[in-house]
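Quick notes on the structure that follows.
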Amino acid sequence: MSNNEEARLSVLRQLNLLDTPPSESFDRITRLASLLFDLPIAAVSLTDRDRQWFKSRVGVDHREIPRFKACCGDVTDSSAVLVINDLLASSDYHDSHLAASGIRFYAGAPLITHDGHTLGAMCVLGTEPRQVTDQERNILRDLAAMVMAQIDLQHAVGRVEPTTGLPNYLSFVEDLNDLARDFPNDQCHVLGTELVDLAQINALQRVMGPAYLDSLSQTVARKIREKLGDQAKIYHVGPCQFAHLESGNKSEIFERAVSLRQSLLEVTVNGSAPFMLRPVVGLAPVQLGRTQPDAVLRLAHTACRDARDNEKGAGFYSESSDNRYQRRFSLISDFQQALQSDDQLHLAYQPRVDMASARCVSAEALIRWQHPEVGNVSPAEFIPLVENTSMARALTDWVMRNAIRQAASWHRRGLELRISINIAAANLEEQDFSERLLGYLRREALPLRAIELELTESGLISNGRAARQQLEKLMALGVRIAIDDFGTGYSSLAYLQTIPAHVVKIDRSFISGLDHHERCQTLVRSMIAMAHELGYSVVGEGVETGEGKEILHSLGCDEIQGYLIARPMTSADFDSWFMAHINTAAASQSRRS
Ligand code: C2E
Ligand code: MG
Ligand code: MG
């Protein structure tokens, strides 16, 4: 079979017409043909590899006949109108399938696509020999053109983005498949252009209305066309997302991407309020035939996301960053499940020791996640992810409930311990936060003084008025507040004065340098002095060495927490540790006195 025939068959397949149910839009044309020619049979007949398949038919029951010696097949081969006045008198067709079924007359006009492939024939058939006039030949050609217009229309629907008239995601995938067939193993680049990030799209839609997004897409589509020229095929692949392919030198492609992005920075929409567009262009290599077409846009999107963080607003796909992103994404999705399970999450407790008395006065509750497939996931990895989602509420709720239940059980046994609970800044925005906290305490009959809430310095600073009010309300009720990771949030000392809190926990990064670095000592000394002056009690976090402990002691630090004392432990291990510690603390106390 010729290459041409293979290409023709591939076009036919892509139109997705073969073996589809009848449709009124085609049947209307077939009925008209039968009426105009006053013949009992008319059909839209598509030429498959070895059969004629009828997309539409009147006067015949079967949906297909063999291609061998079928008149329509010859119309396809010749791409010309074919008229057989009497099949029985024709040397080619007297012994054909059609003739055997009683057909005597045939006239068919080719169904030709824009790029010159003939799909089949629009045909009329009769059981008596017949002549055709020139006018009838023209009518038949017109009917064939109507069928083709219908095919074009059906094909366009679902493959063109109505707002911009550009081919859409499906077209992109189809075109990549074609390219892979025609140029297997060739390499090119996909360039994804995104005007705003997805979160911003939702905000834009709410604030400016959907019409704004449509105008924005139209304006940008024109701008991209202007920039890339008429030859480029530009696809509108998602809301405010475009893509096109380029081949050639990688660094030149990158330069063009930067320049395209630059030109989009100037876009404004119909003089409406200027909205900060943050267009980016992400580039990803495509190995035709090897890179899965539907993966190509995902790679481009990943590159776009990374490009948001780089100065040029354009960048190549990076596999390692993609892997990190994929892991982050799956952790976020899996956390919901973890919250509902009863064996994936638990709390570890790390003691905090008073420097003066060497007694363990409190413990910090630290969440642990044993993921069923990934294993242990550090809270330093998943907490920042979860805190940015709506699960922040459920997370803290889970921790509060479990920490309070544990604290109550220790209290009932006479352990005078305060439990520190880490909360996210976002929790303070929850209207009912204090009520829920008080509710859990009441349920376990635990006094307020038995808990403390830790909030990071940066979290406290970035908070709005509602959060501040919530914090003040909690403090008025008697809840102790600690500023966690102090020193990492770049807050001015003056600002610190305004934060309502009782305790300052100096971040581990300062403490770990104490043994070796003069500068660290100076910093920690002034932090402690200042905190004391403002009325805060001071905790040194992450104390790992005896020397560090001594220095903190000499600087007047009130409490310490760190591996030197103990690592975070399960509640059972904490229990045993606490009992043993009481005894050693008491023994050393009596030695000292
Ligand atoms: P954080 O609140 O500052 O907790 C102290 C972290 O330092 C803990 O890490 C603890 O295991 C670690 N640490 C304590 N002593 C030492 C030491 O001597 N050396 C070293 N190298 N590390 C020490 P972890 O448990 O991995 O938690 C990391 C962060 O995750 C926490 O920092 C906190 O911000 C967050 N987090 C943990 N549990 C929760 C939770 O239940 N809720 C929320 N919102 N955040 C939590
Ligand atoms: Mg903490
Ligand atoms: Mg900390």
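The values are calculated or read from the model by the stated rules, or taken from the named source; none is laboratory data. The model shown is predicted, which means the values in this text are computed figures rather than measured ones. Cβ: placed from backbone, ideal geometry, glycine included. Neighbour counts: every protein chain shown. Only protein heavy atoms, including side chains, enter the accessible area calculation; ligands, DNA and RNA are left aside. Shrake-Rupley method; radii C 1.70, N 1.55, O 1.52, S 1.80 Å.
Assuming charge only on the beta carbon of Lys and Arg (+1) and of Asp and Glu (-1), the dipole of the chain about its Cα centre is about 1420 debye to the nearest 20.
Counting pairs of Cα atoms in region 179-256, how many percent are more than 20 Å apart? Every Cα pair in region 179-256 considered, those over 20 Å come to 42 percent.
With a 10 Å radius around each residue's Cβ, average the other Cβ atoms per peptide and rank 504-510, 409-415, 118-124, highest first. Don't skip to the answer; put the middle values down first.
On the way: 504-510: 21.7, 409-415: 13.1, 118-124: 27.4.
Per-residue mean Cβ counts within 10 Å order the peptides as 118-124, 504-510, 409-415.
When only the heavy atoms of the protein chains count and the probe is 1.4 Å, how do ASP309, ASP86 rank by accessible area, highest first?
From most exposed to least exposed: ASP309, ASP86.
Counting Lys and Arg as +1 and Asp and Glu as -1, each charge on the Cβ, what is the dipole of region 161-317 about the Cα centre in debye, to the nearest 20?
Charge dipole of region 161-317: 320 debye, to the nearest 20.
When you work out D = kT/(6 pi eta Rh) for region 498-593 at 10 °C and 1.306 mPa s, using the Kirkwood radius from C-alpha pairs as Rh and the Stokes-Einstein form, the result is 109 µm²/s. Taken along its three principal axes, the alpha carbon spread of region 161-317 comes to 47, 33, 28 Å, from the longest extent down to the shortest. First check a/c for region 64-120, with a ≥ b ≥ c the square roots of the eigenvalues of its C-alpha gyration tensor; if it is under 1.5, answer rounded, and if not, answer prolate when a/b is larger than b/c or oblate otherwise. Prolate is the answer for region 64-120, as a/c is 1.5 or above and a/b outweighs b/c.
Net charge around GLY535, counting only other residues with Cβ within less than 15 Å of its Cβ (Lys, Arg = +1; Asp, Glu = -1)? Around GLY535, the surrounding residues sum to -1. With an a/c value under 1.5 for the gyration tensor axes a ≥ b ≥ c computed over the alpha-carbon atoms, region 328-592 is described as rounded. From a point 7 Å beyond the Cα of GLN336 in the direction of its Cβ, which residues of region 197-229 have a backbone N at a distance under 19 Å? Within reach of a label on GLN336: 199.
FRET efficiency for the GLU550 to ARG465 pair, using the beta carbon distance and R₀ = 35 Å, is estimated at 0.20. In terms of the mean number of neighbouring beta-carbon atoms within 10 Å, the peptides 416-425, 474-483 order highest first as 416-425, 474-483.
Summarising the label geometry, the points placed 7 Å from Cα in the beta-carbon direction at SER390 and ARG418 lie 3.6 nm from one another.
Built from the Cα atoms of the chain, the convex hull projects on average onto 39.2 nm², one quarter of its surface area.
Of the residues VAL58, VAL479, VAL81, the one whose Cα sits farthest towards the positive end of the charge dipole of the chain is VAL479 (charges of +1 on Lys and Arg Cβ, -1 on Asp and Glu Cβ, taken about the Cα centre).
What is the percent of Cα-Cα separations in region 421-562 that go past 27 Å?
Values: 2492 of 10011 pairs.
Summing the P(r) tail past 27 Å for region 421-562 gives 25 percent.
Between the beta carbons of SER321 and VAL267, assuming R0 = 35 Å, the FRET efficiency works out to 0.80 to the nearest 0.05. With the charge dipole of the chain set up from +1 on Lys and Arg Cβ and -1 on Asp and Glu Cβ about the Cα centre, the Cα lying farthest toward the positive end among the listed residues GLY459, TYR563, VAL353 is that of VAL353.
Of the options SER217, SER251, ASN138, report the single residue whose Cα projects farthest towards the positive end of the charge dipole of the chain (beta-carbon charges: Lys, Arg +1; Asp, Glu -1). The one lying farthest along the dipole's positive direction is SER217. Stretched out straight at 0.36 nm per residue, the stretch from SER259 to ARG49 would grow longer than its current Cα-Cα span by 70.8 nm. Under 13 Å from a label point 7 Å along Cα→Cβ of ASN3: give me every residue in region 161-190 with its amide N that close. Hits in region 161-190 for ASN3 at 13 Å: 182-184.
Do you know the relative contact order of the chain, to the nearest whole percent, from alpha carbon pairs under 8 angstrom that are 6+ apart? Numbers along the way, then the final one.
Values: 958 pairs, mean separation 46.4, N = 593.
Dividing the mean separation by the residue count of the chain yields 8 percent.
Computed with a 1.4 Å probe on the full set of protein chains, the accessible area for SER318 sits at about 40 Å².
In this Cβ point-charge picture (+1 for Lys and Arg, -1 for Asp and Glu), region 3-157 has a dipole of about 180 debye about its Cα centre. Counting other Cβ atoms within 10 Å, which chymotrypsin sites (Phe, Trp or Tyr not before Pro) in region 1-98 have at most 16 and lie in a DSSP loop? Those that pass, being in a loop and sparsely packed, are PHE68. In percent, rounded to a whole number, the relative contact order of region 295-363 is 15, using alpha-carbon pairs under 8 Å and six or more apart. Entry note, region 328-592: relative contact order of 19 percent, from Cα contacts under 8 Å with a spacing of 6+ residues.
DSSP bridge analysis restricted to the chain gives an antiparallel fraction near 70%, rounded to the nearest 5.
On a straight-distance basis, which lysines could pair with LYS250 in a cross-link, Cα separation under 29 angstrom, same-chain partners fewer than 8 positions away excluded? Straight-line reach from LYS250, under 29 Å: LYS223, LYS227, LYS233, LYS312.
At R0 = 22 Å, how high is the FRET efficiency between LEU15 and ASP230 if r is their beta carbon distance? Nearest 0.05 is fine. Efficiency at R0 = 22 Å is approximately 0.30. Helix-only arithmetic for the chain: the sum of -39500 (n - 2.57) across DSSP H runs with n ≥ 4, divided by the residue total, places the mean residue ellipticity at 222 nm at -14500 deg cm²/dmol. Taking a straight line from the alpha carbon of LYS549, these aspartates and glutamates sit under 12 Å away, with near neighbours fewer than eight places off in the same chain left out: ASP354, ASP515, GLU541, ASP558, GLU559. Between ARG206 and GLU64, residue separation times 0.36 nm minus the direct Cα-Cα distance comes to 45.8 nm.
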